[in-house]
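Below you'll find the structure, written out as structure tokens, and then a few comments.
The values are calculated or read from the model by the stated rules, or taken from the named source; none is laboratory data. Please read these numbers as outputs of a predicted model, since none were measured by experiment. Don't worry about glycine lacking a Cβ; one is built from the backbone with ideal geometry, like all the others, and counts go over all protein chains shown. Ligands, DNA and RNA are stripped out before the accessible areas are found, and what is left, the full protein with its side chains, is counted by its heavy atoms. Shrake-Rupley method; radii C 1.70, N 1.55, O 1.52, S 1.80 Å.
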Amino acid sequence: MTSSKHLRKKAAITVMRAARAANRSKITRTLLRGRSVRRLPLVNRLYHTVFRLGVTTSGHDPEAHYRGVVLTGPAWDATIMPSVSAGYYEEFEVTLYERLAAASRTILDIGANIGVYACTGATRLPPDGTLIAFEPVPENIGYLRRNVDRNHLTTRVTIEPIAVGATPGDLTVHLSGEQSGKHSAAAANVGTPAGAVTIPMTSIDTYLARHDLPPPDIIKIDVEGYEGFVLHGAAETLTAQPTLLFELHPQLQANCGCSAGELLDLVFAHYPWVFVVDELDNALRPATRDSLDAPDAIGLYRSNLVAIGRQHHLDALRPWHASP
């Protein structure tokens, strides 16, 4: 990289990190009533313009070094590649995930996107560890394959270009023109629409039985509102209490047709320890089923949950929680 390009990239990342710090400040959160400043169209366009002019190279997809792996993704994406390039993409969540991966042997990554979690997780698994990455969107699959190969993880990561839901069949995925991580089974969830694709779908129980695989140690789910259907299709698997990492977005889940309440009922029926991930304070907040019904329980920087049923995983995350 030439010195001018290096300086331009450094300046862009500095601006992006400053914008992130401002977004996380108490003043901003108070003024915007807990909403992200990135929801303002002008701010979002400026943020992405800084990324595009400072980080991307004309005619090439942006490449970023992130937590020991190299990742390539689409330049048009307004969220994942900018934050990966600046080094702060879901940094606390990924820290927790890496710690859990190091104490595991098998991971299911449902909604792998370009492979941020697939690559960081597979890198932290022990030598005999395996990660299975499910991703239904063709463009994302291309980047996922490239990133797995670039990081020499092809022997550890199996890529399945299919959707995951309650039962085998087909699923129509509505594509977002804003973010590569915003594609969803519900058209209302994608923001700016960019078409749709119909993809073969399996369930976790069906997939594991068909491949004669034992229950995994971790299931990470990021499917833009379709989480409840994924867990409905894992009834047998959940009896083994693999650790779950998933998002709770009531509106997205309602739009997909399986409410956040139904999703939580499934989780609390199987797991003794459930935590809300507090991104601002880098802490795991113990949650009960009733507490998550409170109006302010879920929001910006508090929309990811971890459900644990195994003592060694609870112990692995001990630095961030105070549960027995």
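For the chain, what is the calculated [θ] at 222 nm in deg cm²/dmol (nearest 500), taking -39500 (n - 2.57) for each run of four or more DSSP H residues and dividing by its residue count?
Numbers: 13 runs with 121 residues, N = 324.
Helices in the chain give a 222 nm mean residue ellipticity of -10500 deg cm²/dmol.
Which shape class applies to the stretch 233-324: rounded if a/c is under 1.5, otherwise prolate when a/b exceeds b/c and oblate if not, where a ≥ b ≥ c are the square roots of the Cα gyration tensor eigenvalues? Write down the numbers at each step before the final one.
Values: a/c = 1.99, a/b = 1.12, b/c = 1.77.
In terms of gyration-tensor shape, oblate.
Please state the shape class of the chain: rounded when a/c is under 1.5, otherwise prolate if a/b exceeds b/c and oblate if not, all from the C-alpha gyration tensor. Mind showing how you got there, number by number?
Numbers: a/c = 1.42, a/b = 1.25, b/c = 1.13.
Taking the square roots of the gyration eigenvalues as a ≥ b ≥ c, the chain is rounded.
Quick one: if the Förster radius is 22 Å, what FRET efficiency do Thr239 and Arg289 give, using the C-beta to C-beta distance and rounding to 0.05?
Values: r = 19 Å, r/R0 = 0.86.
In this case the efficiency is close to 0.70.
Run the simple label-point estimate for Ser25 and Asp281 please: 7 Å along Cα→C-beta, distance reported in nm.
2.2 nm
Taking 0.36 nm per intervening residue step and subtracting the Cα-Cα distance, what contour gain separates Ala18 from His152 on full extension?
Difference between extended and current length: 44.9 nm.
Highest mean first, what order results for 170-180, 186-196 on Cβ atoms within 10 Å? Display every interim value, and only then the final one.
Values: 170-180: 17.9, 186-196: 15.0.
For the peptides 170-180, 186-196, the packing ranking is 170-180, 186-196.
Looking only at the stretch 281-307, which residues have a backbone nitrogen under 17 Å from a spot 7 Å from the Cα of Asp315 in the C-beta direction?
Counting only backbone N, you get no residues.
Starting from the Cα-Cα distance between Ser323 and Asp212, subtract it from 0.36 nm times their residue separation and give me the gain in nm to one decimal. Walk me through the numbers before you get to the answer.
Numbers: separation 111, 0.36 × 111 = 39.96 nm, distance 3.49 nm.
Extra length available between Ser323 and Asp212 comes to 36.5 nm.
Anyone know which of Gly87, Gly257, Gly68 comes out most mobile in the 10 Å Cα GNM of the chain?
Gly68
Going by a ≥ b ≥ c, the root eigenvalues of the Cα gyration tensor, does the stretch 191-291 fall in the rounded group (a/c under 1.5), the prolate group (a/b larger than b/c) or the oblate group?
oblate
Return one number: the angle in degrees, 0 to 90 and rounded to the nearest 10, between the long axis of the Cα atoms of helix 91-102 and the longest principal axis of the Cα atoms of the chain.
Its long axis makes an angle of about 40 degrees.
For Thr49 and Ala297, what does the FRET efficiency come to when R0 = 35 Å and r is the distance between their Cβ atoms, rounded to the nearest 0.05? Display every interim value, and only then the final one.
Details: r = 35 Å, r/R0 = 1.00.
Approximately 0.50, to the nearest 0.05.
Going from most exposed to least, what order do Met201, Met81 have by accessible area with a 1.4 Å probe?
Details: Met201 25, Met81 0 Å².
Descending accessible area places them as Met201, Met81.
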